[in-house]
1. Report the calculated FRET efficiency for Asn93 and Phe48 (r = Cβ-Cβ distance, R0 = 22 Å), to the nearest 0.05.
2. Excluding Lys187 itself, what net charge comes from residues whose Cβ is under 13 Å from its Cβ, given Lys and Arg +1 and Asp and Glu -1?
3. Could you tally the net charge around Glu210, taking each other residue with its Cβ under 13 Å from the Cβ of Glu210, Lys/Arg +1 and Asp/Glu -1?
4. Take the residue pairs Lys19/Lys45; Lys45/Lys71; Lys39/Lys119; Lys91/Lys181 and return only those whose Cα atoms are more than 25 Å apart.
5. Could you check the simple spin-label distance between Ser67 and Gln234, using points 7 Å along Cα→Cβ, in nm with one decimal?
6. If you take every residue apart from Glu60 with its C-beta less than 11 Å away from the C-beta of Glu60, what net charge results, scoring Lys and Arg +1 and Asp and Glu -1?
7. Report the calculated FRET efficiency for Tyr111 and Asn248 (r = Cβ-Cβ distance, R0 = 45 Å), to the nearest 0.05.
Amino acid sequence: MSKLLIDESPLVILPSLAKEIGLNEAIILQQIQYWIKIKEKTQSKMGFYDNQYWIYNTIEEWEEQFSFWSKNTIKRTFNKLKEMNLILVEKFNKHKWDHTKFYTINYDELYNIEQNIKKNITIGATDEPKLSQSQGPKRANHKAQKEPIFYTETTTETTTETIIKDLTIFWNSCDGLPTHKESVIKKNVKKKHSDIVNQYGYNKIKGAVETYEKIINSNEYYFNHRWAFWDFIQHAYKFMEDMQPFQNYKDRNIKDLTKEEIKEFERIKDKKRKIAFEKAAVNGY
């Protein structure tokens, strides 16, 4: 079998759309739609704003998906889609230093283009020029324009990658947890723990992270170990609801202490928590 032929899930481009807005623009618009559908399928809560899903890949991540284009081509194509009002661009970031852009499709404008395409097809069907034998066929007619062009899908295992990416953003937004670069998490988690990610999915692992965050940041619980995210994944099940983590990690001795002893207990625990956090930072997590 030739390596030059498609042997994986393709990205489908309609020639009628490419003819209307441009080939590059149609490819990127379709890829945004692809990621939106992945989020809908996984019911991800990350990137869901204003009652719709938004895609938040960086320019470097778009480069990975469109390795056959330069960075300038990708930027230029996104700008053109924005000028055509086919995509909406916003920033939904908690921190001012975070300039990540979120993209979604303006389906209202896309609908207008769809109606325009249908109108042109109708006109072409009633007023199609006849070609003499000497002229021969110049290009595919309006019937051929309905047939899709297939482009190789540039991403694999996208569901797992999307979950890891969303979990990375959520983990880094939590208080008291060591932050990581997305590329580091992707490398460590995908290589070692993809089976765990696929087994539990985004919502269960996110819930476990939320519980873990509450437990290690509260003096009500004796557990205060701070894992790197890829280490936490192995223990995530311990913090899921059916394991009753809040009850399991409740400090069993604090109820028997005096007020002065409780105060000293909390001081020591705060010190241990600070040391654990600094240790994680020194280790480069």
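Please treat every number below as a calculation from the coordinates, not as lab data. Just so we're clear, the structure is a prediction, and the values are computed from it rather than from any experiment. With ideal geometry, Cβ positions are generated from the backbone for all residues, glycine too; neighbour counts draw on all protein chains shown.
1. Given R0 = 22 Å and the Cβ-Cβ separation, E is 0.90.
2. Cβ neighbours under 13 Å give a net charge of +4.
3. +1
4. Those over the limit are Lys19/Lys45; Lys45/Lys71; Lys39/Lys119.
5. Once both label points are built, they end up 3.1 nm from each other.
6. Residues close to Glu60 contribute a combined charge of -3.
7. 0.30
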